[in-house]
1. Check off (1) closer than 18 Å to B:Thr7 by Cα; (2) more than 9 Å from chain A (Cβ to nearest Cβ) for B:Tyr35 and give me the number that stays unchecked.
2. Given the conditions (1) touching a helix residue (DSSP H, G or I) at 6+ places or on another chain (Cβ under 9 Å); (2) facing chain B (nearest Cβ under 10 Å), and given that A:Lys107 satisfies all but one, which numbered condition is not satisfied?
3. With the checklist (1) in a loop (DSSP other than H, G, I, E, B); (2) more than 27 Å from B:Gly97 (Cα to Cα); (3) within 14 Å of another protein chain (Cβ to nearest Cβ) in hand, flag the one item A:Gly16 doesn't pass.
4. Mind counting the residues in the stretch A:24-72 that are part of a loop (DSSP other than H, G, I, E, B), in contact (Cβ under 8 Å) with a residue 24 or more places away in the chain and away from chain B (no Cβ under 12 Å)?
5. List pairs: first residue in the stretch B:91-103 and in contact (Cβ under 8 Å) with a residue 24 or more places away in the chain and facing chain A (nearest Cβ under 7 Å), second residue part of a loop (DSSP other than H, G, I, E, B) and open to solvent by less than 10 Å² (accessible area, probe 1.4 Å) anywhere in the structure, Cβ distance under 8 angstrom, at least six positions apart or on different chains.
6. When the residues of the stretch A:36-71 are filtered to those that are in contact with an Asp or Glu (Cβ under 8 Å, 6 or more places away or on another chain) and open to solvent by less than 30 Å² (accessible area, probe 1.4 Å), which remaining residue is nearest to B:Glu101 (Cα to Cα)?
Amino acid sequence: AQSVTQPDARVTVSEGASLQLRCKYSYSGTPYLFWYVQYPRQGLQLLLKYYSGDPVVQGVNGFEAEFIKSNSSFHLRKASVHWSDSAVYFCAVSADQGTGSKLSFGKGAKLTVSP
Amino acid sequence: GGIITQTPKFLIGQEGQKLTLKCQQNFNHDTMYWYRQDSGKGLRLIYYSITENDLQKGDLSEGYDASREKKSSFSLTVTSAQKNEMAVFLCASSRLGGYAEQFFGPGTRLTVL
């Protein structure tokens, strides 16, 4: 079975500062990795995803993540945050069950961007 | 593009009541999912349906039933609502395959009195 750990439940950064949200996964096979964002009172939206190739993957709104296999990590980064980035961010790992897909989510990291 | 519609947006029930949540998608996706979101606990998979006529239990299926009426719709039933229960139920859909992006609805907020 796969699982995800997001160690930082709440993160506060100043507008314009850089951001890193940590994610570690546990899965014996080759994982599919995702970062989703949830704005208040909305569903989740995909930021980026990774399966193979360049370990640094670019996403929407200037977000990127780096897959480090030796560390089982998939940390999310942004060089300069904006107040509109305030939201809850979820890391997820998928194990392909044949044609099906079963995502396991971390508990989320609530980001607050202060002025 | 497409959209996922969840009804109702807010659901208030009584302890022991059977409650049904509905989800519709117009992406023409094969796979649909129901998740439960509790504050501080992330999302937990309740049921999913890989294709029409398929039904799979997730990690949190006890106390729930699900039904895939047709390709575009997927319902979830809380078989006996628990007092003081509060959660958000999210429906999602995707194409087939483990690398497929899941698209989420806005959620149904459940409160049990």
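The values are calculated or read from the model by the stated rules, or taken from the named source; none is laboratory data. All values derive from a computational prediction rather than experimental measurement. Virtual Cβ from ideal backbone geometry, glycine too; neighbours counted across all protein chains shown. With ligands, DNA and RNA removed, areas are computed over all heavy atoms of the protein, side chains included. Shrake-Rupley method; radii C 1.70, N 1.55, O 1.52, S 1.80 Å.
1. (2)
2. Of (1) touching a helix residue (DSSP H, G or I) at 6+ places or on another chain (Cβ under 9 Å); (2) facing chain B (nearest Cβ under 10 Å), only one is false for A:Lys107: (1).
3. Every listed condition holds for A:Gly16 apart from (3).
4. 2
5. Matching pairs, first to second residue: B:Ser94/B:Ala100; B:Ser94/B:Gln102.
6. Going through the qualifying residues, I end up with A:Leu48.
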